[in-house]
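K.L.:
Quick one: the structure is below, questions incoming.
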Ligand SMILES: Nc1nc2[nH]cnc2c(=O)[nH]1
């Protein structure tokens, strides 16, 4: 059911805001949960794939987007099966939005390839070190492209998270692959820096585009088109490089846990990557690109804890300090956001007390207005 329409019908115009706000927090929590579960589990499963002799960069690129058909469920079920929305899927999905989604999807596909390429050649420590730069790029690009304010809270968080990743990288510099040649090192280095830059660019571009997207449902539809485009790019690479044949060979002859476990690992990884990217896109849509970047980077730190808990990796002094810094940076950011929201609410209430009629007549200056969230969710 369309929130705005149902609300107008049942409770009158004035309750619209209340219902939208009521839906905002649960929706945000669902996205944070998807991002958390998706990021930690996809990282652990990718590690499992590489630990047990999986090595193909195209395969690990392809699994990052190939789960796009799962997005058909949230796109079509609410309208056709549950009949809980009046907005038909892809309503007002203009050719411009379609072409932007395809373009961003190809960009994401390229990022996935560079990310996997870097991960397959470089030691974990080096790629973590290089990826730590993406949050700084993200802050700078967000400030330029979407006029993100640089405050004490977000600067503090970016510095702490960046230092945390650097520490993490320095603390695990013993895990060099044996066959790492200087050429492979150079390719891995450039690929990882490229991935960091592309990802830092992808987040504010998404924020800019989402400003034109009027509902959450449309954001999921865009995500479906983007992941489809990224999969087409990865599939072309797979066909060109014999990736599908390699996948079958890997499952039967190379992966040392057997064929069944290989396919279960692949399918689960496909699902978890979708959760991760869906959570990222939803977080950017509901908050801003910097929060998306901060969550992703903080989760890189959390993945260390995942490795310690699941693979019994050692958890020495440096990793402890890095994890504490990561938690501290993230918590201080969340606290800053909470204080900011609280102040905005107080200001709103104050304005409403002074002159309720002005408040009713003027659109809200917040990035996520009622229209933005209300329609079609
Ligand atoms: N560049 C980049 N790509 C990713 N894909 C999944 N996570 C990341 C990330 O943190 N950076």
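K.L.:
Taking other Cβ within 10 Å of each residue's Cβ, how do 87, 312 sort, fewest first?
P.N.:
Ascending number of Cβ neighbours within 10 Å: 312, 87.
K.L.:
Can I ask one more? Taking only C-alpha pairs under 8 Å that are 6+ residues apart, what is the relative contact order of the range 34-184 in percent?
P.N.:
25 percent
K.L.:
Please find the FRET efficiency linking residue 150 to residue 253, where r is the Cβ-Cβ separation and R0 is fixed at 45 Å, and quote it to the nearest 0.05.
P.N.:
E(calc), rounded to 0.05, equals 0.30.
K.L.:
Which one of 27, 203, 290 has the biggest mean-square fluctuation once the chain is modelled by GNM with Cα springs under 10 Å?
P.N.:
27
K.L.:
When ranked by the protection proxy of mean other Cβ atoms within 10 Å per residue, highest first, what sequence do the peptides 219-226, 71-78 form?
P.N.:
Descending packing order for the listed peptides: 219-226, 71-78.
K.L.:
Using 0.36 nm times the number of residues separating residue 245 and residue 159, minus their current alpha carbon distance, what extension gain do you get?
P.N.:
Once the chain is fully extended between residue 245 and residue 159, it gains 26.5 nm.
K.L.:
Same structure again: Using the basic label-point model (7 angstrom from Cα toward the beta carbon), what is the residue 166 to residue 321 distance in nanometres?
P.N.:
Modelled inter-label distance: 1.2 nm.
K.L.:
Let me ask something else. Test of understanding: express the Cα radius of gyration of the chain as a ratio to 2.2 N^0.38 Å, with N the residue count.
P.N.:
Here the answer is 1.04, to two decimals.
K.L.:
Next question, about the same structure. Among 140-148, 231-239, what's the highest-first ranking by average C-beta atoms within 10 angstrom per residue?
P.N.:
Final packing ranking: 231-239, 140-148.
K.L.:
Return a whole-number percent for the relative contact order of the chain, with Cα pairs under 8 Å and 6 or more residues apart as the contact set.
P.N.:
The value is 34 percent.
K.L.:
Just to confirm my numbers, what's the Cα centroid distance between the range 298-343 and the range 89-149 in Å?
P.N.:
22 Å
K.L.:
Can you give the calculated 222 nm mean residue ellipticity of the chain, where each DSSP H run of n ≥ 4 adds -39,500 (n - 2.57) and the sum is split over every residue, rounded to the nearest 500 deg cm²/dmol?
P.N.:
-26000 deg cm²/dmol
Throughout, read-outs are computed from the coordinates displayed, never taken from laboratory work. Every value quoted in this text rests on a predicted model; they were computed, and no experiment measured them. Here the Cβ is made from the backbone with ideal geometry for all residues, glycine too, and neighbour counts use every protein chain on show.
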